[in-house]
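What follows is a short report on a single structure.
The values are calculated or read from the model by the stated rules, or taken from the named source; none is laboratory data. In this text, all values refer to a predicted model and were calculated from it rather than measured experimentally. Note that each Cβ is placed from the backbone with ideal geometry, even for glycine, and that neighbours are counted across all protein chains shown.
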Amino acid sequence: MADDQICPKCGAPLPADVAPGHCPKCLMQVGFESQDQAVADPAEAPTAVSGHSGVTWDLDQLASLFPELEIIKQVGIGGMGVVYQARQKQLDRFVAVKLVRPDLCDDPTFSERFTREARAMARLSHPAIINVFDFGQREQFYFFIMEFVDGTNLRQLMQSEGLDATQALAVVPQICEALQYAHDEGIVHRDIKPENILVDTKGRIKIADFGLAKLINPEATDFTLTGAKQVMGTPHYMAPEQLERPLEVDHRADIYSLGVVIYEMLTGELPLGRFSSPSEKVQIDVRLDEVVLRALQKEPEKRYQQVSGIKTDIEAVSASPTGHSPRQSVVPPTVRQAFNNLQYPGYGLYCVVNC
């Protein structure tokens, strides 16, 4: 067989419709390795062409895996996979297609774990949670087909426009409602952070990436599948027990992560080390200190035991202001707009960093 018909990385035969170079699986993995290198200017990020270092392969090759879809463009890449915007031809609706990164699929237990977690994700039906329409395997690739959100994520919003305390507090109840629903269904997100909280062009919240979710009260076999030392989540947003006792994580880990997000929205900083209370950083209602610091307790039993408790206390503070005029968050704004009348560019992102 000619050398240009064999993948130079894994030695597998190249599909007939692929130009000489890496096979699709290796090309996708090369893309993730390239993404791990710091790129100062996003415009300098590698592009997708078959046989070259890039974040994905040619869209026509991807389309051959999903003939029922019109693949439009790549919109995100991160720790779990790469995401594309697509259109379901028969239904004429936009969707997000997420391909799980190939190296994660090499684990012999992955197929069972993927099916279990995908089914758990698919049964979530809430207006503030990304809907999963379909999942499965095409050739060597595991995939999700999900709701496509036309908007931005909370990280981009904080960096580009900034949030004052009133706007930040308007976000929290929506997040709480979605998480409480998931917790009631027995699912822990395990990776709540600004990148996974989307805001559409109408100001509505959508929580993305339940791909790291794990059923609460798992069966004994789940411990083997997960691995006693496997840690899921993102540093700085992870609850202490996610690092110290990953098999004992429950819904209260999400409460801790939400506390980190609230602190960051209010102050523009992360609560690292011996951190100050929010009101010592910015002029806000001191009652918010109790809410945030309770959510950030190291011991799970000292935190809120239900995320709905955060929602109740936040709404109580918002409904009965103390009378002083709170100073705006230190996150520098460039444009002041009503939070529920957002007019940001339609990035159309399902996820950016932790897809």
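At a glance:
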| read-out | value |
| --- | --- |
| Residue match in region 64-74 (condition: in contact with a strand residue (DSSP E or B) (Cβ under 8 Å, 6 or more places away or on another chain), among the polar types (S, T, N, Q) and crowded, with 18+ Cβ neighbours inside 10 Å) | yes |
| Qualifying positions in region 130-150 - in contact with a Phe, Trp or Tyr (Cβ under 9 Å, 6 or more places away or on another chain) and either at pLDDT below 90 or not in a strand (DSSP E or B) (or both) | Ile130, Gln137, Arg138, Tyr142, Phe148, Val149, Asp150 |
| Residue within region 119-136 that is more than 25 Å from Gly309 (Cα to Cα), touching a residue at least 40 places away in the same chain (Cβ under 8 Å) and more than 19 Å from the chain's Cα centre (by Cα) present | no |
| Close pairs (9 angstrom Cβ cut-off, 6 or more residues apart or separate chains): on the phi > 0 side of the Ramachandran plot in region 154-169, modelled with pLDDT under 90 and surrounded by fewer than 19 Cβ atoms within 10 Å (Cβ to Cβ) anywhere | Gly162/Gln328; Gly162/Val330; Gly162/Pro332; Gly162/Pro333; Gly162/Thr334; Gly162/Val335; Gly162/Arg336 |
| Residues of region 179-193 that turn out to be surrounded by fewer than 23 Cβ atoms within 10 Å (Cβ to Cβ) and in a helix (DSSP H, G or I), as a count | 4 |
| From the options Pro127, Pro173, residue that is not assigned by TED's automatic domain parsing to the domain that holds Leu59 and not aromatic (Phe, Trp, Tyr) | Pro173 |
| Matching helices (runs of 4 or more DSSP H) fully within region 206-284 where at least 1 residues are of a type in the set (A, V, I, L, M, F, W, C) and modelled with pLDDT of 90 or more | 252-267 |
| Hey, Gly186 of a type outside the set (Asp, Glu) and at pLDDT 85 or above or not | yes |
| Pairs where the first residue, in region 298-316, is part of a helix (DSSP H, G or I) and the second is among the basic types (Lys, Arg), C-beta under 7 Å, 6+ apart | Pro300/Arg252 |
| Meets criteria (on the phi > 0 side of the Ramachandran plot and surrounded by fewer than 19 Cβ atoms within 10 Å (Cβ to Cβ)) for Asp106 | no |
| Residue within region 295-315 that is surrounded by 16 or more Cβ atoms within 10 Å (Cβ to Cβ) and at pLDDT below 90 present | no |
| Residue within region 131-141 that is closer than 12 Å to Asp209 by Cα and touching an Asp or Glu at 6+ places or on another chain (Cβ under 9 Å) present | yes |
| Residue satisfying all of: in region 264-294; of a type in the set (Val, Ile, Thr) and crowded, with 18+ Cβ neighbours inside 10 Å; farthest from Leu169 (Cα to Cα) among these | Val282 |
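Here is a yes/no grid of residues against (1) of a type in the set (Val, Ile, Thr); (2) part of a strand (DSSP E or B):
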{"position": "Val75", "(1), (2)": "yes, yes"}
{"position": "Tyr84", "(1), (2)": "no, yes"}
{"position": "Leu104", "(1), (2)": "no, no"}
{"position": "Arg119", "(1), (2)": "no, no"}
